[in-house]
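The values are calculated or read from the model by the stated rules, or taken from the named source; none is laboratory data. Since we're looking at a predicted model, the values are computed, not measured. Heads up, the Cβs are rebuilt from the backbone with ideal geometry, glycines too, and the neighbour counts pull from every protein chain shown. Accessible surface areas use protein heavy atoms only, side chains included; no ligands, DNA or RNA. Shrake-Rupley method; radii C 1.70, N 1.55, O 1.52, S 1.80 Å.
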Amino acid sequence: MKLTATAGSALAGEAAIPGDKSCSHRALILAAMADGETRIEGLLESEDVLTTARAVEALGATVERSESGEWVVQGAPWHSPAKPVDCRNSGTAARLLMGAVAGMPAVVAAFTGDPSLSSRPMKRVAAPLQRMGARIEGDDRLPITIQGARLGGIDYRNVPASAQVKSAILLAGLGTDAPVRVLEPIPSRDHSEIMLSIFGCEVAVDDTPDGWAVSLGSNRRLSGRSLRIGADPSSAAFPLVAAAIIPGSDVTARGVIVNPLRTGLYEVLETMGGDIELSNERIQSGELIADIRVRHSNLRPCHVTSEQVPAMIDEIPALAVACAFADGESVIEGLGELRVKESDRLGAIVAGLAACGVAAVADGDALRIFGKGEVGGGGVIASRGDHRIAMAFLTLGLGARAPVEVDEAEMIDTSFPGFVKAMQVIGANIR
(Lines give C-alpha, C1' and ligand atoms only; values in the text may rest on other atoms or scores of the structure.)
Protein backbone atom coordinates (compact mmCIF):
# COMPACT_ATOMS: atom_id res chain seq x y z
CA MET A 1 0.00 0.00 0.00
CA LYS A 2 1.42 3.37 -1.08
CA LEU A 3 0.61 6.55 0.84
CA THR A 4 1.09 10.17 -0.21
CA ALA A 5 1.28 13.17 2.12
CA THR A 6 0.49 16.63 0.78
CA ALA A 7 0.72 20.02 2.46
CA GLY A 8 -2.58 21.65 3.32
CA SER A 9 -4.01 23.81 6.05
CA ALA A 10 -2.73 24.02 9.61
CA LEU A 11 -3.17 21.01 11.87
CA ALA A 12 -5.35 21.40 14.96
CA GLY A 13 -7.05 19.41 17.68
CA GLU A 14 -6.26 16.27 19.65
CA ALA A 15 -4.20 13.46 18.16
CA ALA A 16 -5.34 10.02 19.33
CA ILE A 17 -2.18 8.19 20.40
CA PRO A 18 -2.25 4.44 21.14
CA GLY A 19 -0.72 2.75 24.18
CA ASP A 20 3.03 2.60 24.61
CA LYS A 21 4.66 -0.21 22.67
CA SER A 22 7.49 -0.92 25.14
CA CYS A 23 5.14 -1.06 28.13
CA SER A 24 2.62 -3.22 26.26
CA HIS A 25 5.19 -5.91 25.47
CA ARG A 26 6.42 -5.95 29.05
CA ALA A 27 2.93 -5.99 30.54
CA LEU A 28 2.00 -9.11 28.57
CA ILE A 29 5.24 -10.96 29.37
CA LEU A 30 5.25 -10.17 33.09
CA ALA A 31 1.53 -10.93 33.38
CA ALA A 32 2.14 -14.31 31.75
CA MET A 33 4.90 -15.04 34.27
CA ALA A 34 2.92 -13.82 37.29
CA ASP A 35 0.70 -15.72 39.70
CA GLY A 36 -2.97 -14.97 39.13
CA GLU A 37 -4.83 -12.62 36.84
CA THR A 38 -3.67 -9.34 35.32
CA ARG A 39 -6.00 -6.82 33.69
CA ILE A 40 -4.49 -4.35 31.23
CA GLU A 41 -6.12 -1.16 29.95
CA GLY A 42 -4.65 0.78 27.04
CA LEU A 43 -2.66 -2.10 25.56
CA LEU A 44 -1.28 -1.23 22.14
CA GLU A 45 -3.15 -3.49 19.72
CA SER A 46 -0.44 -3.41 17.06
CA GLU A 47 0.95 -6.34 15.13
CA ASP A 48 4.17 -6.40 17.18
CA VAL A 49 2.32 -6.50 20.51
CA LEU A 50 -0.21 -9.07 19.30
CA THR A 51 2.79 -11.19 18.31
CA THR A 52 3.89 -11.12 21.96
CA ALA A 53 0.35 -12.03 23.08
CA ARG A 54 0.35 -15.08 20.78
CA ALA A 55 3.84 -16.03 21.99
CA VAL A 56 2.98 -16.06 25.70
CA GLU A 57 -0.15 -18.08 24.89
CA ALA A 58 2.04 -20.64 23.12
CA LEU A 59 4.21 -20.75 26.25
CA GLY A 60 1.29 -21.47 28.60
CA ALA A 61 -0.55 -18.27 29.56
CA THR A 62 -4.17 -17.45 28.77
CA VAL A 63 -4.75 -14.11 27.01
CA GLU A 64 -8.18 -12.69 26.22
CA ARG A 65 -9.57 -9.33 25.11
CA SER A 66 -12.80 -8.31 26.84
CA GLU A 67 -15.68 -6.55 25.10
CA SER A 68 -14.65 -3.33 26.85
CA GLY A 69 -11.20 -3.47 25.27
CA GLU A 70 -9.43 -4.54 28.45
CA TRP A 71 -6.92 -7.41 28.09
CA VAL A 72 -7.01 -10.18 30.70
CA VAL A 73 -3.97 -12.41 31.20
CA GLN A 74 -3.98 -15.49 33.40
CA GLY A 75 -0.43 -16.36 34.38
CA ALA A 76 0.68 -19.99 34.43
CA PRO A 77 3.87 -22.07 34.60
CA TRP A 78 5.43 -21.93 31.15
CA HIS A 79 5.98 -25.07 29.09
CA SER A 80 7.89 -25.94 25.93
CA PRO A 81 5.82 -24.79 22.94
CA ALA A 82 4.74 -27.36 20.36
CA LYS A 83 6.41 -25.41 17.55
CA PRO A 84 8.86 -22.51 17.19
CA VAL A 85 7.70 -19.17 18.58
CA ASP A 86 7.29 -16.85 15.59
CA CYS A 87 8.23 -13.31 16.64
CA ARG A 88 7.56 -12.01 13.14
CA ASN A 89 9.07 -8.47 12.99
CA SER A 90 9.29 -7.80 16.73
CA GLY A 91 12.79 -7.57 18.14
CA THR A 92 11.37 -6.69 21.55
CA ALA A 93 9.30 -9.88 21.64
CA ALA A 94 12.24 -12.05 20.61
CA ARG A 95 14.84 -10.58 22.96
CA LEU A 96 12.65 -10.30 26.05
CA LEU A 97 11.14 -13.75 25.61
CA MET A 98 14.62 -15.23 25.18
CA GLY A 99 15.52 -13.78 28.57
CA ALA A 100 12.33 -15.02 30.24
CA VAL A 101 12.75 -18.59 28.94
CA ALA A 102 16.44 -18.70 29.88
CA GLY A 103 15.55 -18.87 33.58
CA MET A 104 12.98 -21.67 33.24
CA PRO A 105 14.65 -25.11 33.49
CA ALA A 106 11.56 -26.97 32.26
CA VAL A 107 11.25 -24.96 29.04
CA VAL A 108 12.90 -25.38 25.64
CA ALA A 109 11.81 -22.87 23.02
CA ALA A 110 12.95 -22.05 19.51
CA PHE A 111 12.47 -18.47 18.28
CA THR A 112 12.04 -17.50 14.65
CA GLY A 113 11.13 -14.30 12.84
CA ASP A 114 10.42 -12.78 9.45
CA PRO A 115 13.33 -11.99 7.08
CA SER A 116 13.77 -8.51 8.57
CA LEU A 117 13.98 -9.73 12.17
CA SER A 118 16.13 -12.70 11.14
CA SER A 119 18.72 -10.28 9.79
CA ARG A 120 19.03 -8.41 13.09
CA PRO A 121 21.73 -9.27 15.68
CA MET A 122 20.86 -11.28 18.79
CA LYS A 123 24.32 -11.91 20.22
CA ARG A 124 24.16 -8.94 22.60
CA VAL A 125 21.26 -10.68 24.35
CA ALA A 126 22.49 -14.25 23.97
CA ALA A 127 25.99 -13.55 25.40
CA PRO A 128 24.96 -12.43 28.92
CA LEU A 129 22.30 -15.16 29.09
CA GLN A 130 24.99 -17.73 28.31
CA ARG A 131 27.20 -16.22 31.01
CA MET A 132 24.34 -16.82 33.44
CA GLY A 133 24.21 -20.49 32.38
CA ALA A 134 21.52 -20.63 29.69
CA ARG A 135 22.06 -23.13 26.88
CA ILE A 136 21.59 -21.51 23.50
CA GLU A 137 21.69 -23.09 20.07
CA GLY A 138 22.17 -20.76 17.15
CA ASP A 139 24.39 -17.98 15.96
CA ASP A 140 23.93 -14.21 16.03
CA ARG A 141 20.66 -14.40 14.08
CA LEU A 142 17.32 -16.17 14.40
CA PRO A 143 16.38 -19.00 14.52
CA ILE A 144 17.73 -19.50 18.03
CA THR A 145 16.77 -22.18 20.57
CA ILE A 146 16.88 -21.49 24.31
CA GLN A 147 17.15 -24.35 26.79
CA GLY A 148 16.11 -22.94 30.15
CA ALA A 149 18.41 -23.66 33.08
CA ARG A 150 18.98 -23.03 36.77
CA LEU A 151 20.95 -19.85 36.25
CA GLY A 152 23.72 -18.22 38.17
CA GLY A 153 24.04 -14.52 38.79
CA ILE A 154 25.67 -11.80 36.72
CA ASP A 155 27.16 -8.35 37.09
CA TYR A 156 26.85 -7.01 33.57
CA ARG A 157 28.09 -3.77 32.03
CA ASN A 158 25.50 -2.79 29.41
CA VAL A 159 27.46 -0.79 26.82
CA PRO A 160 26.14 0.70 24.65
CA ALA A 161 23.02 1.10 26.76
CA SER A 162 20.22 -1.17 25.53
CA ALA A 163 16.89 -1.51 27.29
CA GLN A 164 16.24 -4.83 25.54
CA VAL A 165 19.52 -6.35 26.73
CA LYS A 166 18.94 -5.10 30.28
CA SER A 167 15.36 -6.38 30.26
CA ALA A 168 16.36 -9.82 29.00
CA ILE A 169 18.89 -10.15 31.84
CA LEU A 170 16.37 -9.01 34.47
CA LEU A 171 13.72 -11.43 33.18
CA ALA A 172 16.23 -14.27 33.23
CA GLY A 173 17.17 -13.22 36.75
CA LEU A 174 13.64 -13.98 37.95
CA GLY A 175 14.63 -17.63 37.68
CA THR A 176 17.55 -17.50 40.10
CA ASP A 177 18.28 -16.40 43.65
CA ALA A 178 21.82 -15.36 42.71
CA PRO A 179 22.80 -11.67 42.55
CA VAL A 180 21.80 -9.99 39.28
CA ARG A 181 23.00 -6.48 38.47
CA VAL A 182 23.14 -4.46 35.26
CA LEU A 183 25.38 -1.37 35.15
CA GLU A 184 24.82 1.35 32.54
CA PRO A 185 27.07 4.42 32.18
CA ILE A 186 24.13 6.06 30.38
CA PRO A 187 20.70 4.80 31.54
CA SER A 188 18.45 3.17 28.97
CA ARG A 189 14.66 3.35 29.26
CA ASP A 190 13.51 1.87 32.56
CA HIS A 191 10.04 0.50 31.84
CA SER A 192 11.10 -3.02 32.87
CA GLU A 193 12.31 -1.87 36.28
CA ILE A 194 9.11 0.10 36.88
CA MET A 195 6.84 -2.72 35.79
CA LEU A 196 8.74 -5.41 37.69
CA SER A 197 8.18 -3.35 40.82
CA ILE A 198 4.47 -2.99 40.02
CA PHE A 199 4.22 -6.80 39.78
CA GLY A 200 5.88 -7.19 43.19
CA CYS A 201 9.52 -7.88 42.35
CA GLU A 202 12.14 -6.11 44.43
CA VAL A 203 14.25 -3.88 42.16
CA ALA A 204 16.94 -1.48 43.35
CA VAL A 205 18.13 1.38 41.13
CA ASP A 206 21.25 3.21 42.30
CA ASP A 207 23.23 6.10 40.86
CA THR A 208 26.81 4.93 41.43
CA PRO A 209 30.18 6.47 40.50
CA ASP A 210 30.39 3.91 37.68
CA GLY A 211 26.92 4.55 36.32
CA TRP A 212 23.28 3.56 36.73
CA ALA A 213 23.03 0.20 38.55
CA VAL A 214 19.88 -1.93 38.44
CA SER A 215 19.74 -4.92 40.79
CA LEU A 216 17.15 -7.56 41.58
CA GLY A 217 16.31 -8.04 45.26
CA SER A 218 15.52 -11.23 47.14
CA ASN A 219 11.77 -11.25 46.35
CA ARG A 220 11.43 -12.07 42.65
CA ARG A 221 7.95 -13.58 42.64
CA LEU A 222 5.39 -11.80 40.47
CA SER A 223 1.69 -11.39 41.27
CA GLY A 224 -1.09 -10.33 38.91
CA ARG A 225 -2.06 -6.66 38.84
CA SER A 226 -4.37 -4.15 37.16
CA LEU A 227 -2.49 -1.83 34.82
CA ARG A 228 -3.29 1.15 32.63
CA ILE A 229 -0.75 1.89 29.93
CA GLY A 230 -0.06 5.48 28.90
CA ALA A 231 0.13 6.76 25.34
CA ASP A 232 3.32 6.11 23.38
CA PRO A 233 5.69 9.12 23.12
CA SER A 234 7.35 7.56 20.07
CA SER A 235 4.01 7.48 18.22
CA ALA A 236 3.08 10.95 19.48
CA ALA A 237 6.29 12.24 17.90
CA PHE A 238 4.82 12.25 14.40
CA PRO A 239 1.70 14.43 14.85
CA LEU A 240 3.57 16.67 17.29
CA VAL A 241 6.55 17.19 14.97
CA ALA A 242 4.04 17.84 12.18
CA ALA A 243 2.52 20.59 14.35
CA ALA A 244 5.96 22.08 14.95
CA ILE A 245 6.80 22.38 11.22
CA ILE A 246 3.42 23.43 9.72
CA PRO A 247 2.52 27.13 10.14
CA GLY A 248 -0.52 27.84 12.29
CA SER A 249 -0.69 24.34 13.78
CA ASP A 250 -1.73 23.59 17.35
CA VAL A 251 -1.94 19.89 18.34
CA THR A 252 -2.33 18.14 21.70
CA ALA A 253 -1.66 14.51 22.62
CA ARG A 254 -3.19 13.43 25.92
CA GLY A 255 -1.96 10.96 28.54
CA VAL A 256 1.48 10.52 26.96
CA ILE A 257 4.26 8.82 28.91
CA VAL A 258 6.79 11.50 29.86
CA ASN A 259 9.22 9.22 31.65
CA PRO A 260 12.47 11.26 31.73
CA LEU A 261 14.22 8.49 29.79
CA ARG A 262 11.69 8.88 26.93
CA THR A 263 11.43 12.65 26.52
CA GLY A 264 14.69 13.31 24.67
CA LEU A 265 12.93 14.37 21.45
CA TYR A 266 10.76 16.94 23.18
CA GLU A 267 13.71 18.36 25.12
CA VAL A 268 15.69 18.80 21.90
CA LEU A 269 12.71 20.37 20.12
CA GLU A 270 12.57 22.94 22.92
CA THR A 271 16.24 23.83 22.39
CA MET A 272 15.38 24.25 18.70
CA GLY A 273 12.78 26.85 19.60
CA GLY A 274 9.81 24.50 19.64
CA ASP A 275 6.64 25.72 21.35
CA ILE A 276 5.92 22.79 23.70
CA GLU A 277 3.70 22.74 26.77
CA LEU A 278 3.18 19.90 29.27
CA SER A 279 0.17 19.86 31.56
CA ASN A 280 -1.85 17.57 33.81
CA GLU A 281 1.20 15.56 34.90
CA ARG A 282 0.40 12.52 37.03
CA ILE A 283 1.54 8.98 37.87
CA GLN A 284 -0.30 6.09 36.21
CA SER A 285 0.72 2.47 36.88
CA GLY A 286 4.16 3.66 37.94
CA GLU A 287 4.79 5.86 34.89
CA LEU A 288 4.73 9.66 34.68
CA ILE A 289 2.23 10.79 32.05
CA ALA A 290 1.07 14.21 30.82
CA ASP A 291 -0.74 16.04 28.05
CA ILE A 292 1.65 17.48 25.45
CA ARG A 293 0.70 20.50 23.34
CA VAL A 294 2.85 21.64 20.40
CA ARG A 295 2.35 24.77 18.32
CA HIS A 296 4.21 25.78 15.19
CA SER A 297 7.43 27.74 15.56
CA ASN A 298 10.48 28.56 13.48
CA LEU A 299 13.04 25.91 14.35
CA ARG A 300 16.75 26.34 14.87
CA PRO A 301 19.32 23.59 14.16
CA CYS A 302 20.44 21.32 16.99
CA HIS A 303 23.49 19.39 18.15
CA VAL A 304 22.59 16.12 19.88
CA THR A 305 25.35 14.19 21.67
CA SER A 306 25.59 10.42 21.93
CA GLU A 307 24.72 10.68 25.64
CA GLN A 308 21.32 12.13 24.72
CA VAL A 309 20.41 9.49 22.13
CA PRO A 310 19.16 6.63 24.42
CA ALA A 311 16.27 8.88 25.54
CA MET A 312 15.13 9.34 21.93
CA ILE A 313 16.47 6.35 19.97
CA ASP A 314 13.10 5.53 18.36
CA GLU A 315 12.33 9.20 17.66
CA ILE A 316 15.43 9.93 15.56
CA PRO A 317 13.51 9.70 12.24
CA ALA A 318 10.97 12.23 13.56
CA LEU A 319 13.76 14.48 14.85
CA ALA A 320 15.46 14.30 11.44
CA VAL A 321 12.27 15.69 9.90
CA ALA A 322 12.30 18.62 12.35
CA CYS A 323 15.95 19.25 11.51
CA ALA A 324 15.12 19.33 7.79
CA PHE A 325 12.84 22.33 8.47
CA ALA A 326 15.40 24.12 10.66
CA ASP A 327 17.61 26.78 9.08
CA GLY A 328 21.19 25.54 9.39
CA GLU A 329 23.27 22.43 10.08
CA SER A 330 22.03 19.95 12.68
CA VAL A 331 24.24 17.17 14.03
CA ILE A 332 23.02 14.03 15.81
CA GLU A 333 25.81 11.83 17.17
CA GLY A 334 25.94 8.24 18.45
CA LEU A 335 23.53 6.61 15.98
CA GLY A 336 25.32 3.30 15.39
CA GLU A 337 22.32 1.36 16.74
CA LEU A 338 20.16 2.74 13.92
CA ARG A 339 22.10 0.54 11.51
CA VAL A 340 20.48 -2.59 13.02
CA LYS A 341 16.87 -1.53 13.58
CA GLU A 342 14.01 -2.73 11.35
CA SER A 343 16.13 -1.30 8.54
CA ASP A 344 19.40 0.59 8.31
CA ARG A 345 17.54 3.63 9.61
CA LEU A 346 20.55 5.90 9.31
CA GLY A 347 20.91 5.11 5.62
CA ALA A 348 17.15 5.32 5.08
CA ILE A 349 16.98 8.78 6.65
CA VAL A 350 19.82 10.13 4.49
CA ALA A 351 18.33 8.65 1.31
CA GLY A 352 14.83 9.90 2.10
CA LEU A 353 15.99 13.43 2.88
CA ALA A 354 18.03 13.53 -0.34
CA ALA A 355 14.95 12.43 -2.32
CA CYS A 356 13.11 15.43 -0.87
CA GLY A 357 15.87 17.94 -1.64
CA VAL A 358 17.48 18.08 1.81
CA ALA A 359 21.24 17.61 2.00
CA ALA A 360 22.25 15.10 4.65
CA VAL A 361 25.19 12.80 5.27
CA ALA A 362 25.99 9.91 7.59
CA ASP A 363 29.42 10.77 9.01
CA GLY A 364 30.40 7.55 10.78
CA ASP A 365 27.76 7.14 13.51
CA ALA A 366 26.70 10.79 13.23
CA LEU A 367 23.97 12.31 11.08
CA ARG A 368 24.45 15.79 9.63
CA ILE A 369 21.40 17.54 8.17
CA PHE A 370 21.70 20.82 6.30
CA GLY A 371 18.29 22.46 6.63
CA LYS A 372 17.19 25.60 4.81
CA GLY A 373 14.03 26.37 6.76
CA GLU A 374 11.80 24.79 4.12
CA VAL A 375 11.69 21.48 2.25
CA GLY A 376 11.01 20.94 -1.43
CA GLY A 377 9.61 17.41 -1.09
CA GLY A 378 8.47 15.59 -4.21
CA GLY A 379 10.34 12.40 -3.36
CA VAL A 380 9.29 8.78 -3.53
CA ILE A 381 10.56 7.21 -0.31
CA ALA A 382 11.73 3.61 0.04
CA SER A 383 10.49 2.76 3.53
CA ARG A 384 12.57 -0.46 3.56
CA GLY A 385 9.85 -2.19 5.57
CA ASP A 386 10.41 0.22 8.47
CA HIS A 387 7.32 1.71 10.16
CA ARG A 388 9.13 4.71 11.63
CA ILE A 389 10.74 5.64 8.32
CA ALA A 390 7.33 5.51 6.63
CA MET A 391 5.66 7.70 9.28
CA ALA A 392 8.56 10.15 9.40
CA PHE A 393 8.52 10.91 5.67
CA LEU A 394 4.73 11.15 5.56
CA THR A 395 5.13 13.75 8.33
CA LEU A 396 7.75 15.55 6.25
CA GLY A 397 5.41 15.57 3.24
CA LEU A 398 2.77 17.45 5.23
CA GLY A 399 5.09 20.45 5.44
CA ALA A 400 6.92 20.19 2.12
CA ARG A 401 6.19 22.23 -1.03
CA ALA A 402 5.53 19.09 -3.12
CA PRO A 403 3.82 15.82 -2.11
CA VAL A 404 5.88 12.96 -0.69
CA GLU A 405 5.03 9.35 -1.48
CA VAL A 406 5.99 6.34 0.65
CA ASP A 407 6.34 3.15 -1.37
CA GLU A 408 4.80 0.82 1.23
CA ALA A 409 3.08 1.53 4.51
CA GLU A 410 1.42 -1.66 5.75
CA MET A 411 4.13 -2.09 8.37
CA ILE A 412 2.96 1.06 10.17
CA ASP A 413 0.47 -1.23 11.94
CA THR A 414 3.37 -2.83 13.82
CA SER A 415 3.47 0.21 16.11
CA PHE A 416 0.69 2.71 15.27
CA PRO A 417 -2.50 1.10 13.98
CA GLY A 418 -4.83 3.87 12.92
CA PHE A 419 -1.98 6.27 12.13
CA VAL A 420 -3.53 7.63 8.95
CA LYS A 421 -6.93 8.21 10.56
CA ALA A 422 -5.37 9.86 13.61
CA MET A 423 -3.46 12.24 11.36
CA GLN A 424 -6.48 12.97 9.16
CA VAL A 425 -8.58 13.87 12.22
CA ILE A 426 -6.19 16.75 13.01
CA GLY A 427 -6.23 17.90 9.38
CA ALA A 428 -3.39 16.00 7.72
CA ASN A 429 -3.74 15.30 4.01
CA ILE A 430 -2.55 11.69 3.76
CA ARG A 431 -4.08 9.45 1.12
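Rounded to a whole number, what % of the accessible area of the chain do carbon and sulfur atoms account for, probe 1.4 Å? The partial results should precede the final answer.
Values: 7620 of 15720 Å².
Looking at the chain in its full context, I get 48 percent from C and S.
Rounded to the nearest 500, what is the 222 nm mean residue ellipticity of the chain from helices alone, with -39500 (n - 2.57) per DSSP H run of 4+ residues and division by all residues? Mind dumping the intermediate values first?
Values: 13 runs with 131 residues, N = 431.
Theoretical 222 nm ellipticity from helices: -9000 deg cm²/dmol.
Find the accessible area per residue for the stretch 103-234; the probe is 1.4 Å, ligands and nucleic acids are left out, and the unit is Å². Please list the in-between numbers first.
Working: 5450 Å² over 132 residues.
Per residue, the stretch 103-234 has an accessible area of 41 Å².
With the other protein chains left in place, how much accessible area per residue, in square angstrom, belongs to the stretch 261-385 at a 1.4 angstrom probe? Please report the intermediate quantities before stating the final value.
Details: 4630 Å² over 125 residues.
Per-residue accessible area for the stretch 261-385 comes out at 37 Å².
State the answer as a single residue: which of Ile246, Ser279, Pro160 lies farthest towards the positive end of the charge dipole of the chain, with beta carbon charges of +1 for Lys and Arg and -1 for Asp and Glu, about the Cα centre.
So the residue furthest toward the plus end is Pro160.
Loop-only check: which GluC sites (Glu not before Pro) in the stretch 40-92 are DSSP coil with at most 14 other Cβ within 10 angstrom? Let's see the in-between values first.
Numbers: sites: Glu41, Glu45, Glu47, Glu57, Glu64, Glu67, Glu70; in loops: Glu45, Glu67, Glu70.
The qualifying sites are Glu67.
Within straight cross-link reach of Lys2, meaning Cα distance under 20 Å, which lysines are found once same-chain residues fewer than 8 apart are removed?
Partners within reach: Lys421.
I need to check one value: relative contact order of the chain, counting alpha carbon pairs closer than 8 Å and at least 6 residues apart, in percent. Please report the intermediate quantities before stating the final value.
On the way: 1103 pairs, mean separation 82.1, N = 431.
Relative CO of the chain lands at 19 percent.
From the backbone phi of the stretch 295-306, what are the Karplus-calculated ³J(HN,Hα) couplings (6.51 cos²θ - 1.76 cosθ + 1.60, θ = phi - 60°) in whole Hz, Gly and Pro given as x?
10, 4, 7, 7, 8, 9, x, 10, 10, 9, 8, 4
Could you tell me the distance between the Cα centroids of the stretch 10-45 and the stretch 244-297, to the nearest Å?
Spelled out, the Cα-based centre of one part sits 19 Å from the other.
Is there a quick way to get the dipole size of the chain? I mean about its Cα centre, with the Cβ of Lys and Arg at +1 and of Asp and Glu at -1; what is the value in debye to the nearest 20? Numbers along the way, then the final one.
Numbers: 40 positive and 53 negative charges, 139 e Å.
Once rounded to the nearest 20, the dipole reads 660 debye.
Cross-link candidates for Lys166: which lysines have Cα within less than 18 Å, leaving aside residues fewer than 8 places away along the same chain?
Lys21, Lys123, Lys341
Spelling out what I want: for every residue of the stretch 270-279, take phi, set θ = phi - 60°, compute 6.51 cos²θ - 1.76 cosθ + 1.60 (Karplus), and round to whole Hz; glycine and proline get x.
Running phi through 6.51 cos²θ - 1.76 cosθ + 1.60 with θ = phi - 60° gives 5, 5, 7, x, x, 9, 10, 10, 9, 8 Hz.
With volume of the Cα convex hull per residue in Å³ in mind, check [x] 198; [y] 152; [z] 124 and report the label derived from this structure.
Among [x] 198; [y] 152; [z] 124, the one calculated here is [z].
Only bridges whose two residues both fall in the chain count here: according to DSSP, what percent of them are antiparallel, nearest 5? Intermediate results must be reported in sequence, preceding the final value.
On the way: 56 of 75 bridges.
Antiparallel bridges make up about 75 percent of those DSSP assigns within the chain.
Can you say what percent of the DSSP beta bridges in the stretch 106-206, counting only those with both residues inside, are antiparallel? Round to 5. Could you put the intermediate results ahead of the total?
Values: 7 of 11 bridges.
Bridges in the stretch 106-206 are about 65 percent antiparallel.
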